[in-house]
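Engineer: The structure follows.
The values are calculated or read from the model by the stated rules, or taken from the named source; none is laboratory data. All of these numbers come straight from a predicted model, not from anything done at the bench. Don't worry about glycine lacking a Cβ; one is built from the backbone with ideal geometry, like all the others, and counts go over all protein chains shown.
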Amino acid sequence: MKLKNKTMQKLLNKEESPALIMVLLIMILVTAVNSTFVRPDNLLDILRTTSYNLLIAAPLTCLMVCGEMDLCFGSVVSLAGITCGWLLQMEVPIPFAILGALACGFAIGMLKAVLLCNVGLPGFITTLGIQYALSGLILLLTGGQCINYFPESFKALGQRGPLPKLYWTIIVALVITIVFHFILSKTRLGRSFYAIGGNRETAKLAGINIGKVSMISHVMVSVCAALVGVFKAARFNSAQPNAGSGTELLLMCGVIIGGTGIAGGKGTVIGTLLGCFLMAEIDNGLILTRVSSYWNNLIFGVILILALALDLYRQKKIASAKE
Amino acid sequence: MKPILEMKHVTKRFPGVLALDNVSFSLKQGEFLGICGENGAGKSTLMKILSGSYPYGSYEGELHIDGKPVKMDSISTAQALGIEMAYQELNVMLDATVAENLMVGNLPGGKYIVDFKKLYNMTREFLDKVSVDLDPAQILRSVTNSGQIQLISILRAIIKKPRILVLDEPTTALTGNEVKQVFAILEQLRKEGVSILYISHKLDEVFELCDSVLVLRDGKSVAFHLINEVSQNQLIEEMVGRNLENQYRHKNVSTDEVVLSVKKLHIPNPNISTKNIIDELSFEVHRGEVFGLGGLVGAGRSEVLGAIFGQLTNGVKKIIEIEGQEIQITKPADAVAAGLAFLTEERRSSGLVINMNIRENISLASLKKLKGYPAINERKETKETGRFYEKLRIKAPSQETRVGNLSGGNQQKVVLAKWLMTECKVLFLDEPTKGIDVGAKREFYDIIDELTQKGMAVVLVSSDMPEFISLCDRCIVLADGKAQAELAGDEITQVNIIKEVV
């Protein structure tokens, strides 16, 4: 009994625990209806869906821990995919085409960072403005048309992997996740993210260069979003003008489900991994249990609120345990 | 004549502090009563009880109005009884009109719609009566004269026709002529039978305006005088008291070597364009010295520290030299790199990161020293922060405890440990023992002794007078944006300091 109490206490102290509980809960529920759910190839399918979200959500976690806000990475996904597509059509070698797409992400990240951190515009509205402007720009540039038919070796990026079903996307996403987990938990930069999000004034007085640190967080998200644009183009053999639209709030929700606070100062990349896995799990579970996909948004919304409620309950428990 | 207001045996406690200790006084109709006392004497607590901010039941004792006991549970009940207050801070709506500012809370008109014509007429009538030359429809932001803005926060209380008016330092932003204007209005109120409680550090004003004066010290009412039966010097002595036998006295180990030199420090007032918080201030701090910035709350002591450190930048001009070398400090990072450290007054809002544990808080300003590329060298970090954790005897289960769970004194030690870890040359302390208990205070003083013996210079701001006097080797007294006096050693006494500011 005592041991159980201790484990419970440990679980309570982790901000990832609400997400973990729900991941397991849904796993059990869906498996009870359809046992194919837990088969390795299905789990890999879920991981594949997860990886596209995770590639952005991992750096986004750092950005949100820092107390910043980004609502334009979806349009960066689309723009980078299209840039990559054009470069490929001009028969630029594949590595350079990918670099071009990443450079495009870097440029938008810098623009965003300068507007927010140097000029001092408010993050929410400014990044929303960039989102609209970019999606408009994309439509103007493409005329709303997709760019199709890429070289085989480029398509392989999104459609193949070292083992069947273990796609390159999954591997890259896991590597990126580990990198950002390391940055956030072990490095000076990561410590600065927590300090700035936790208490801006204290961080400033401690000599942390707030402008530079938040700038880095913005550039990281945009570059990773560009990478997702490349992977998506490869997977569908088509760079689409709306490849990333509408993912901004969805991914922020995924990060929040993982225990990151919207006000900054707390959160982990592991939690975000769970949050993103949970979202893909719901999609997949609905298909396997033959529930109409119309249920998707409803369930996701309920889960989001449930995660916040669980987190509140957890914090109250901790507070009362102290007294 | 029967008193209009009586306060009977009022005692107000805060955790660990007795803010008011059995205070009684009475106020007659048309009487102007001055209330004097040092910082922390209990003046603002008294005021908050009168205004209903501290509701009935949160203090012991009784309030009587017209001889009947009253239980005020909010500001609005106090207002219904005819008690109005004008606050020291300029709490006005800059983007509303003069009339709206004056009449906020009882704008004329129906339930949903404001009758602006009536509003302006009523305000015009009132302004004419008190002979203040302002346009009711003018937006306050365009009233460039700051004195007029402070005047508005006083008029806002007067327009409600109170029976008892409480004024807290009403003249801080006013020039000589404007003070006269305010006094003329108050004299008019006297004729109408309004009673006034006048809280001020400026004894000249108290003597000019008031009929009687109540002296508070350490939460107790120590004296009551009719104004023509008392002298300024007697009042000062009563405000200060004579309980100065301190067991603790900081040992002076200061040297002649100048560590920090500040020249021509200039800090403009962000709200008042014509007035500066600090005007052309220059001073030097020596190695091993505890240098004090004395003065009253609001004299700009904390602002001086913030401006030097690069926390405050708007319009600040300064020349800073550290160990003889001129240094540009445009942001706190520059100050930290140059060897300055700043323990601020508000540890929760600018000293700690509450979500982090003790270790992470202590190392926050020294992360550059823990380089183990690419990650932080955690073993070295734990060892280094552990040194300060043990040396300052921070009481917690371990270094991994979140600082939000610590007591105030231990939190303060964490902030101090953070700055000591930077191996700073000059340590700024702003109210370093605010809200911490006596035992922890004493430990704090011992630490300061040890630091100065090792050659660190300390710049101290403290409203705790005995603490200020016993710690400082040398100090300047700030008032009206300037250093009014420099005192050293035995010259630093409460009486000498107060004399410079009243």
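Engineer: Hey, can you tell me all the residues within region B:27-55 that are surrounded by fewer than 17 Cβ atoms within 10 Å (Cβ to Cβ), out of contact with any Asp or Glu (no Cβ under 8 Å at 6 or more places or on another chain) and without any contact (Cβ under 8 Å) to a residue 40 or more places away in the chain?
Structural biologist: B:S53
Engineer: If you don't mind, there's one more thing I want to ask. Assess whether A:V175 counts as being more than 22 Å from A:S78 (Cβ to Cβ), without any contact (Cβ under 8 Å) to a residue 24 or more places away in the chain and not basic (K, R).
Structural biologist: Taking the combined requirement at face value, the residue satisfies it.
Engineer: Is one or more of the residues making up region B:371-378 aromatic (F, W, Y), without any contact (Cβ under 8 Å) to a residue 12 or more places away in the chain and out of contact with any His (no Cβ under 8 Å at 6 or more places or on another chain)?
Structural biologist: Yes, there is a match, as at least one residue in region B:371-378 is aromatic (F, W, Y), without any contact (Cβ under 8 Å) to a residue 12 or more places away in the chain and out of contact with any His (no Cβ under 8 Å at 6 or more places or on another chain).
Engineer: Looking at region A:5-25, is at least one residue over 27 Å from A:T268 (Cβ atoms), free of Cβ contacts under 8 Å to residues at least 40 places away in the same chain and not in a loop (DSSP other than H, G, I, E, B)?
Structural biologist: no
Engineer: When you look at B:A485, is it without any contact (Cβ under 8 Å) to a residue 60 or more places away in the chain and within 20 Å of B:E303 (Cβ to Cβ), yes or no?
Structural biologist: Here the answer is yes, as B:A485 does meet what is asked.
Engineer: Sticking with this one: How do the strands (runs of 3 or more DSSP E) wholly within region B:201-317 filter down when requiring 3 or more residues that are out of contact with any Ser or Thr (no Cβ under 7 Å at 6 or more places or on another chain) and farther than 18 Å from B:K482 by Cα: which remain?
Structural biologist: Where strands (runs of 3 or more DSSP E) fall fully within region B:201-317 and carry at least 3 residues being out of contact with any Ser or Thr (no Cβ under 7 Å at 6 or more places or on another chain) and farther than 18 Å from B:K482 by Cα, they are B:212-217, B:220-226, B:258-268.
Engineer: Answer yes or no: is there a residue in region B:177-198 that is crowded, with 21+ Cβ neighbours inside 10 Å and in a helix (DSSP H, G or I).
Structural biologist: Within region B:177-198, one or more residues are crowded, with 21+ Cβ neighbours inside 10 Å and in a helix (DSSP H, G or I).
Engineer: Further question: Just name the residue that is modelled with the highest pLDDT out of those in region B:212-236 that are of a type outside the set (A, V, I, L, M, F, W, C) and touching a helix residue (DSSP H, G or I) at 6+ places or on another chain (Cβ under 7 Å).
Structural biologist: So the residue we want is B:S212.
Engineer: Go through the residues of region A:77-96 one by one and say whether even a single one is outside any loop (DSSP other than H, G, I, E, B), within 20 Å of the chain's Cα centre (by Cα), polar (S, T, N, Q) and within 21 Å of A:I170 (Cα to Cα).
Structural biologist: yes
Engineer: Please list, ordered by first then second residue, the pairs with beta carbon atoms under 6 Å, 6 or more apart or interchain, first in region B:103-117 and free of Cβ contacts under 8 Å to residues at least 12 places away in the same chain, second part of a loop (DSSP other than H, G, I, E, B).
Structural biologist: B:G109/B:D115; B:V114/B:L107; B:D115/B:P108
Engineer: Considering every residue within region B:414-430, establish whether at least one is more than 10 Å from chain A (Cβ to nearest Cβ), in contact with a helix residue (DSSP H, G or I) (Cβ under 9 Å, 6 or more places away or on another chain) and at pLDDT below 90.
Structural biologist: No, every residue in region B:414-430 fails to be more than 10 Å from chain A (Cβ to nearest Cβ), in contact with a helix residue (DSSP H, G or I) (Cβ under 9 Å, 6 or more places away or on another chain) and at pLDDT below 90.
Engineer: What do you reckon, is B:I65 modelled with pLDDT of 90 or more and buried (at least 21 other Cβ atoms within 10 Å of the Cβ)?
Structural biologist: No.
Engineer: Sort out which residues of region A:227-248 are under 21 Å from A:V23 (Cβ atoms) and surrounded by fewer than 18 Cβ atoms within 10 Å (Cβ to Cβ), and write them in order of number.
Structural biologist: None - no residue of region A:227-248 is under 21 Å from A:V23 (Cβ atoms) and surrounded by fewer than 18 Cβ atoms within 10 Å (Cβ to Cβ), so the list stays empty.
Engineer: Which of the following residues is small (G, A, S) and surrounded by 14 or more Cβ atoms within 10 Å (Cβ to Cβ): B:S58, B:S24?
Structural biologist: Checking each option against the conditions leaves just B:S24.
Engineer: Output the residues belonging to region A:260-273 that are under 23 Å from A:F124 (Cβ atoms), within 14 Å of chain B (Cβ to nearest Cβ) and modelled with pLDDT of 90 or more.
Structural biologist: A:T260, A:G265, A:K266, A:G267
Engineer: Residue by residue through region B:300-331, note down the ones that are within 14 Å of chain A (Cβ to nearest Cβ) and surrounded by fewer than 15 Cβ atoms within 10 Å (Cβ to Cβ).
Structural biologist: Across region B:300-331, the qualifying residues are B:T313, B:N314, B:T330.
Engineer: Filter region B:90-138 for residues that are acidic (D, E), under 27 Å from B:V166 (Cβ atoms) and surrounded by 13 or more Cβ atoms within 10 Å (Cβ to Cβ) and give the result.
Structural biologist: B:E100
Engineer: Something else: Which of the residues spanning region B:363-400 are within 34 Å of the chain's Cα centre (by Cα) and within 11 Å of chain A (Cβ to nearest Cβ)?
Structural biologist: B:S363, B:L364, B:A365, B:S366, B:L367
Engineer: So how many residues does region B:334-362 have that are within 8 Å of another protein chain (Cβ to nearest Cβ), without any contact (Cβ under 8 Å) to a residue 60 or more places away in the chain and closer than 24 Å to B:R387 by Cβ?
Structural biologist: The qualifying residues number 7.
Engineer: Another question, then. Please determine whether any residue of region B:169-189 is at pLDDT below 85, in contact with a strand residue (DSSP E or B) (Cβ under 7 Å, 6 or more places away or on another chain) and closer than 20 Å to B:F32 by Cβ.
Structural biologist: The answer is yes; a qualifying residue exists.
Engineer: Taking only region B:394-408 into account, find how many residues are modelled with pLDDT under 90 and in contact with a Gly (Cβ under 8 Å, 6 or more places away or on another chain).
Structural biologist: Result for region B:394-408: 1.
Engineer: So which residues in region B:30-56 are in contact with a Lys or Arg (Cβ under 8 Å, 6 or more places away or on another chain) and under 23 Å from B:K191 (Cα atoms)?
Structural biologist: Once the filter is applied, which keeps residues that are in contact with a Lys or Arg (Cβ under 8 Å, 6 or more places away or on another chain) and under 23 Å from B:K191 (Cα atoms), region B:30-56 yields B:G30, B:F32, B:I35.
Engineer: Now a separate question. From the residues in region A:151-210 that are among the basic types (K, R) and within 11 Å of another protein chain (Cβ to nearest Cβ), which one is surrounded by the fewest Cβ atoms within 10 Å (Cβ to Cβ)?
Structural biologist: Filtering region A:151-210 for residues that are among the basic types (K, R) and within 11 Å of another protein chain (Cβ to nearest Cβ), the one surrounded by the fewest Cβ atoms within 10 Å (Cβ to Cβ) comes out as A:K186.
Engineer: Within region A:231-252, is even one residue among the polar types (S, T, N, Q) and within 29 Å of A:N13 (Cα to Cα)?
Structural biologist: Checked region A:231-252: no residue is among the polar types (S, T, N, Q) and within 29 Å of A:N13 (Cα to Cα).
Engineer: Restricting attention to region A:249-262, and to residues there that are among the hydrophobic types (A, V, I, L, M, F, W, C) and part of a helix (DSSP H, G or I), which single residue is farthest from A:M22 (Cα to Cα)?
Structural biologist: A:L249
Engineer: In region B:114-149, which residues are touching a strand residue (DSSP E or B) at 6+ places or on another chain (Cβ under 9 Å) and either within 25 Å of B:G176 (Cβ to Cβ) or not aliphatic (A, V, I, L, M) (or both)?
Structural biologist: B:D115, B:F116, B:K118, B:Y120, B:T123, B:D135, B:P136, B:Q138, B:L140
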